[in-house]
Structures are given as C-alpha cells and as structure tokens.
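What follows is calculated from the coordinates using simple rules that are stated; it is not laboratory data. A quick note: this is a predicted structure, and the numbers were derived from the prediction, not measured. For neighbour counting, all protein chains shown are included, and Cβ atoms are generated from backbone atoms with ideal geometry for every residue, glycine included.
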Amino acid sequence: MIPWLGGASAALADLDGKYASLLAEHEQLVARWSQLQPIDATDLSAVPLYLDRSLSNVVATRPLCTGSMEPNITCDDLLILYTPPSITDLDVGDIIYYKKTNPDCTGYIEDGFSLHRINRVIIRSDGLWFETKGDALANPDRCLVPADAVMFKLLTTVRNARIDEPVAQSAP
C-alpha cells in the first residue's frame, strides 16, 4: 500500500462527511427562509424586515380602523400580535386583541373584535376581567373583557407597513 494514498482516502472521506453536513444545513436554511415573509415598510427602507410564518402563535394583521388607538396605532400600521403563553402575562398597559362576548358591547365594530389597552385588571369571583380603553378615548370601554376572550397581545407595530398577502380586518 502506498502511504500517501491512505491519508488521501481519509481526507476524502472527511470532506464527503463535511459536504453532506453542509448540504443538510443548506436544506434546513432554505426551508426556514421559505417561512419568512417580507414586510414592506416605507419607514424601514434600508433595513429588511421579515415576518416568520413558522411561529404558530404570531400573526400579522391590520388595525381595526376606528381611530380609538390614534396616534399610537394608525390605519396604515401593521400589527404583530402573539398568543400570550398565560393570561397572567397580561397587565395594565398591554394592548390586547379580543372578541367582544357581550352583544350589547360590540358597538359599530364589525364582528365584535377590538384592540384596546388594558386600563385595569379586575379579579372577581367569576374570574379575571380586564377594563379596556382606547388611547384616543376619554373613558374606558363600558363592558369588561373576560380573560378567556383575549386572543392576542400586541408585540409591536410597524408604521406604514404592508405584507404581500391580504391581512384580516377583523380576526387574524
């Protein structure tokens, strides 16, 4: 046996193993990249921003354009919402997206969904409730929100932003 041939065979086997590993890593990156959706934000033209669609508890939607959260949230914003891991993760100051369960409290909001800030947390014998209020409104909402009606918590807003696919107007 020629001594240098054995070393070359081992080196070739090592390179084959590294190539297979890099190929598998490339496939994982391609799969991961396919889950990222570009967000078109005029205020962030130099910085690419992506929404990771593989995260099952994160959604993007447009605000309910009632003006109740102006100027903090406008009709041109993109809302990034997530499902809170526990209802105990919600506190005063958080902005929540919820389904109004009392038909007398839906007002003119289509389908009875709302996005308002928690003004007060109330613990009653029948459970946890939230008093909510729109930032632009003088008074709190007239009906309390039961904790089980909360669907999402606001993670962030992206000003003047769009995503390529249509987004829900009422329920993400």
Inset, instruction - Could you list which residues have their amide H under 5 Å from that of residue 151, counting only those 5 or more apart in sequence or on another chain, with H placed in the peptide plane? - result: 97, 98, 99
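Please give the FRET efficiency for residue 70 paired with residue 156, using the beta carbon to beta carbon distance and R0 = 22 Å, rounded to the nearest 0.05. Intermediate values should be presented prior to the final figure.
Working: r = 17 Å, r/R0 = 0.78.
For R0 = 22 Å, the calculated efficiency reads 0.80.
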Inset, instruction - May I ask you to evaluate 6.51 cos²θ - 1.76 cosθ + 1.60, the Karplus curve with θ = phi - 60°, for each residue of segment 68-83 and list the ³J(HN,Hα) values in order in whole Hz, giving x for glycine and proline? - result: 5, 10, 5, x, 5, 10, 10, 5, 8, 8, 10, 9, 10, 10, 9, 7
Legend entry - Contact order relative to length of segment 53-97, as percent, for alpha carbon pairs under 8 angstrom and 6 or more apart: 36 percent
Legend entry - Under 24 Å from the Cα of residue 18 - lysines, other chains or at least 8 residues apart: none
Inset, instruction - Show the residues, 5+ positions off or on another chain, whose built amide H is closer than 5 Å to the amide H of residue 70. - result: 136
Inset, instruction - In whole Hz, with x marking every Gly and Pro, tabulate ³J(HN,Hα) for segment 86-102 from phi via Karplus 6.51 cos²θ - 1.76 cosθ + 1.60, θ = phi - 60°. - result: 8, 5, 6, 7, 9, 8, 4, x, 6, 9, 10, 10, 9, 9, 6, 8, 9
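What percent do you get for the relative contact order of segment 53-163 when only Cα pairs under 8 Å and 6+ apart count? Please list the in-between numbers first.
Values: 223 pairs, mean separation 36.1, N = 111.
Rounded, it is 33 percent for segment 53-163.
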Legend entry - Residues whose placed amide H lies under 5 Å from that of residue 132, excluding near-sequence neighbours: 119, 141, 145
